[in-house]
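Peer 1: A single structure is presented below for examination.
Read-outs: derived from the displayed coordinates by stated rules, not from any lab. Since this is a predicted model, take the numbers as computed values, not measurements. Here Cβ is always computed from backbone atoms with ideal geometry, including for glycine, and neighbour counts include all displayed protein chains.
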Amino acid sequence: MRRLNRASEIAFKKDNELLHRFTLANGYVYYIEKNGGLAEIVNTGKHSKVITISMSGKTSPHAMPGTVLFKHYKAHFSIQLTKINEHADQ
């Protein structure tokens, strides 16, 4: 959330989600909280989504998520990162 214009923040609730919207030069960025933790970041242009970053599998509010999914809508690619446990035997 660095370099965001905090004065442009608008927060609103949708179902069980808390959304924080910040104005960017060419659109908006939304930080979406579910169950008290960050679940998704959505970067939009003037008319459509540009990139979505979804996080899941957090065991506590300060823990690293189990998976992170980056989905880019303009370049048409996705990257999924999966946490490797420290004691994974392979």
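Peer 1: When Lys and Arg each count +1 and Asp and Glu each count -1, what net charge do the other residues less than 13 Å away from E17, Cβ to Cβ, add up to?
Peer 2: Spelling it out: positives minus negatives among the neighbours equals +1.
Peer 1: Next up: Using only Cα atoms, what is the ratio of the radius of gyration of segment 6-82 to 2.2 N^0.38 Å?
Peer 2: After normalising by residue count via 2.2 N^0.38 Å, the value is 1.15.
Peer 1: Sum up the lysine pairs in the chain that clear both bars: alpha-carbon distance under 21 Å and a spacing of 8 or more or different chains.
Peer 2: Taking the chain as the scope, the lysine pair count is 15.
Peer 1: Suppose we flag GluC sites (Glu not before Pro) only when DSSP calls them loop and at most 14 other Cβ atoms lie within 10 Å. Which is the longest uninterrupted stretch of the chain?
Peer 2: Longest stretch, sites excluded: 10-85.
Peer 1: Here's another thing I want to ask about it. Dipole size in debye (nearest 20) for the chain around its Cα centre, Lys and Arg Cβ +1, Asp and Glu Cβ -1?
Peer 2: Details: 13 positive and 7 negative charges, 94 e Å.
With Lys and Arg at +1 and Asp and Glu at -1, about 460 debye.
Peer 1: Mind checking which of K14, K58, K71 has the largest fluctuation in a GNM of the chain, springs on alpha carbons under 10 Å?
Peer 2: K14
Peer 1: So for the chain, averaging the separation of alpha carbon pairs under 8 Å that are six or more residues apart and normalising by length, what relative contact order in percent results?
Peer 2: Worked out over the chain, it gives 14 percent.
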